[in-house]
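Note sheet for the following structure.
The values are calculated or read from the model by the stated rules, or taken from the named source; none is laboratory data. Keep in mind that this is a model prediction, so the values were computed, not measured. Here the Cβ positions follow ideal geometry from the backbone for every residue, glycine too, while neighbour counts run over all protein chains shown. What goes into the accessible areas is simple: the full protein's heavy atoms, side chains included, and nothing from ligands, DNA or RNA. Shrake-Rupley method; radii C 1.70, N 1.55, O 1.52, S 1.80 Å.
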Amino acid sequence: MISPSPMRKLEMLILKDDKDLILNELYDLESLEVIECEKCTRFPVPSATRESVSKAIQLDRMLNFLGHYAPDNKGSFIEAIKGKAIEPEEIEFVSAEELIVQAEAIIHELDPQIKAIERDIGDIEEEMDSIDEHVSFMEDIEGVEMDMQLMRPTDKTLKVVGRLNEQDPVDISKAVCSATDGYCSVSFWKNFVFIATLRERERSIDMVFSSFSIKRVPVPDLAGMPRDVIPALRARREELVAKRGERVDRILELHSAWDKKLRIVKELLEIEAEKSNAFRKMAATKTVIAVEGFIPAKKEKEILSRLLPFERIIIKVKDPEVEPSILLSNSGFFKPFESLTELYGLPGYKEIDPTKFFAIFFTLFFGIMMTDFVYGIVIAVIGFMVARMIKEGGVHDVASILFYGGIATAVCGVAFGSYFGDFVTSEDYLNMNLPKIVDPLYGAMEILIFSLAIGIVHLIVSNLLGFYQRNKNVSMLSAVIENLSWLLLMFGIVGAAAAMGLGMSTTVISAMAGVPIALSLIIVMVNGIRDGMAGLITGFMSFPGFMGNWLSYARLLAMALSTAGIGMVVNLFASMMWGIKIGGIQIGVVLGVVMFFGGHLFNMAINGLGAFVHSLRLHYVEFFSYFYNADGKKFEPLQIKRTYTKISKRG
């Protein structure tokens, strides 16, 4: 099948009392996309469903707090890639109202404990920070022979300590005296300034500190010399560390006891909150809810078999009146390439799904551009391993594409005789006489001709698809103008090339090329005449545009030469390093091995990225431009991603 999956429209009436059970069944089926129902008054989102959002946020806050102090078990490298395996807990169906009750019970029991611990830890850490600041200050003035109480302000006297940073003491003294009208004492010691003045002058002193960028240092309310106070502060800090440790231990106890329960209830609340999106699209009367949506035709029997056992339900399934959402239905080799099609845009419901053609040509282009047997094996192995570890999602798709691309690269590597560049076949290295079709470094013209031939095939397929699609969905005239004109041009080029290859006469070659090309020109020019001179100019300029598209396939040659050329240079540099000695010590072997494997790894990575991007470009720009509109909307069925829970099946 080269079209999107056939869709059906489902219309359903259910009683409000059954909404939770039926909606859960629909989410479990993951096959219904609910659409706006215009027939009745909007169904209001149940209050419990709305409230589940706020409850989920509260539980998430508690989880984040407990998890912040929990040990971070990173696991192995494989687990980091795959993600940790979590065994979901099987639970019975719970209504939204019952779920809110459960959440409130948890919050009522756990939240006060968490807030009390959070408050205690905040106070402890604030005092520890203050002590650290005081100790730092005390260590700086440890040599000062003055009781700390003498640095403290009194009811009438202001005493301030400031930390300097290359400011001029003379200017500071003048500014302080001016601000206090001379009622002050200013002393300097190391990088500190000590000021004593009247209490009412505090604002003036603050302005002086601000103008000179002096940082005010708080003086602790302690008695004794600085050197005598420091041990007491450090002892107090140790007490606080112990208290904080006790609170953290309590957090770990709560985390161990509550983490799983919190995650389960939070997940159920988030699922309930997600249902609000479905409720907003439904319509209702006092007792009945109307649901409309699209389903895949292949899922119709399964959906009916799951819903009809509910006795109080009316279901009607029919062909959609408007264009439905798009579900691609490729499998096997073609399945992972759906992500690349979707990256550009989905086809319309009556359009062709290009994924199968995309997959075949993308894999071929990637292999030609990489063109090295060893690189292909490495890429295929990496892709296979990652695809096996990660069973679904974008990473799985890319890994699968790389696996197929790696196989194509290995096949092209054999055809081009490339194994780590020229390492295996060159007489300067292993000098193994392996069979090959053409060497990309010495057969550039042959590969260029092959690249352009592949390009013609690619463009012919594109225009054949466009001709079929336009004839079916628009008109025969549109298909002739937009696609047959270019097909005739390409048939003329292919005919001329075939005649030249068979050694036919100039007359035959001219006839095989001239007739279809002339017809192509006539179609384009006649169509342009309808728009006057501007149409003629546009029609004429479309021919250079087509030639540009065709010549774009020369990038297959360019990338093949790049991969082979860099591989050859890496081998050359590695061989040059092989005999290097320093002080009679043979280090060239190590340098050569590092250069060889590091250089080829770099070559494989950089050209692998290039091959991937250029293969995409040849489809997105050249291939799609002749038939693909990509104006489809993705099919988004009701579905729930569960991690910690699974619902028990009804008996």
| remark: When Ile205 is run through (1) surrounded by fewer than 16 Cβ atoms within 10 Å (Cβ to Cβ); (2) over 21 Å from Ser130 (Cα atoms), the failure sits at (1)
| request: For residues that are of a type in the set (Val, Ile, Thr), out of contact with any strand residue (DSSP E or B) (no Cβ under 7 Å at 6 or more places or on another chain) and modelled with pLDDT of 80 or more, tally how many sit in the range 66-111. | output: 4
| request: Being assigned to a helix (DSSP H, G or I) and either basic (Lys, Arg) or farther than 23 Å from Ser213 by Cα (or both) is the filter here, so list the residues in the range 135-168 that pass it. | output: Met148, Gln149, Leu150
| request: Looking for whichever is at pLDDT below 90 and open to solvent by less than 10 Å² (accessible area, probe 1.4 Å) here; the options are Gly567, Gly579, Gly584, Gly588. Which one fits? | output: Gly588
| Condition check for Arg216: open to solvent by 60 Å² or more (accessible area, probe 1.4 Å) and modelled with pLDDT under 90 | yes
| Restricting the first residue to the range 501-521 and requiring it to be without any contact (Cβ under 8 Å) to a residue 12 or more places away in the chain, which pairs with a second residue that is open to solvent by less than 60 Å² (accessible area, probe 1.4 Å) and of a type outside the set (Lys, Arg) meet a Cβ separation below 7 Å and a spacing of at least six or different chains? | Val508/Ala499
| Lone qualifier among Glu238, Glu246, Glu267 - being of a type in the set (Asp, Glu) and either in contact with a Leu (Cβ under 8 Å, 6 or more places away or on another chain) or buried (at least 17 other Cβ atoms within 10 Å of the Cβ) (or both) | Glu267
| If we keep just the residues of the range 134-189 that are under 30 Å from Arg234 (Cα atoms) and β-branched (Val, Ile, Thr), which is nearest to the chain's Cα centre (by Cα)? | Val135
| Segments classed as strands (runs of 3 or more DSSP E), wholly inside the range 182-289, with at least 3 members that are hydrophobic (A, V, I, L, M, F, W, C) | 184-189, 192-198
| query | Any chance the range 517-526 includes a residue that's among the β-branched types (Val, Ile, Thr), within 30 Å of Glu482 (Cα to Cα) and open to solvent by 70 Å² or more (accessible area, probe 1.4 Å)? | reply | yes
| query | So which of Leu488, Leu536 is more than 30 Å from Ala415 (Cβ to Cβ) and at pLDDT 90 or above? | reply | Leu488
| field | Search result, residues across the range 181-192 that are modelled with pLDDT under 90 and either among the hydrophobic types (A, V, I, L, M, F, W, C) or open to solvent by less than 40 Å² (accessible area, probe 1.4 Å) (or both) | value | Phe188, Trp189, Phe192
| query | Before we move on, is Met490 within 22 Å of Phe546 (Cα to Cα), without any contact (Cβ under 8 Å) to a residue 40 or more places away in the chain and under 42 Å from the mean Cα position of the chain (by Cα)? | reply | yes
| Matching entry among Ile172, Ile141, Ile114, Ile121 (being touching a strand residue (DSSP E or B) at 6+ places or on another chain (Cβ under 7 Å) and modelled with pLDDT of 90 or more) | Ile172
| said: Regarding the range 578-585, can at least one residue be identified that is on the phi < 0 side of the Ramachandran plot, of a type in the set (Val, Ile, Thr) and either in a helix (DSSP H, G or I) or within 45 Å of the chain's Cα centre (by Cα) (or both)? | reply: no
| request: Could you tell me whether Ser615 is buried (at least 18 other Cβ atoms within 10 Å of the Cβ), within 28 Å of the chain's Cα centre (by Cα) and either outside any helix (DSSP H, G or I) or modelled with pLDDT of 90 or more (or both)? | output: yes
| field | Cross-chain or 6+ apart pairs with Cβ under 8 Å, the range 9-27 first and touching a residue at least 60 places away in the same chain (Cβ under 8 Å), then among the polar types (S, T, N, Q) | value | Leu15/Thr287; Lys16/Thr287; Asp20/Ser95; Tyr27/Gln639
| said: Just checking, does the range 354-376 include any residue being open to solvent by 40 Å² or more (accessible area, probe 1.4 Å) and closer than 25 Å to Glu30 by Cβ? | reply: yes
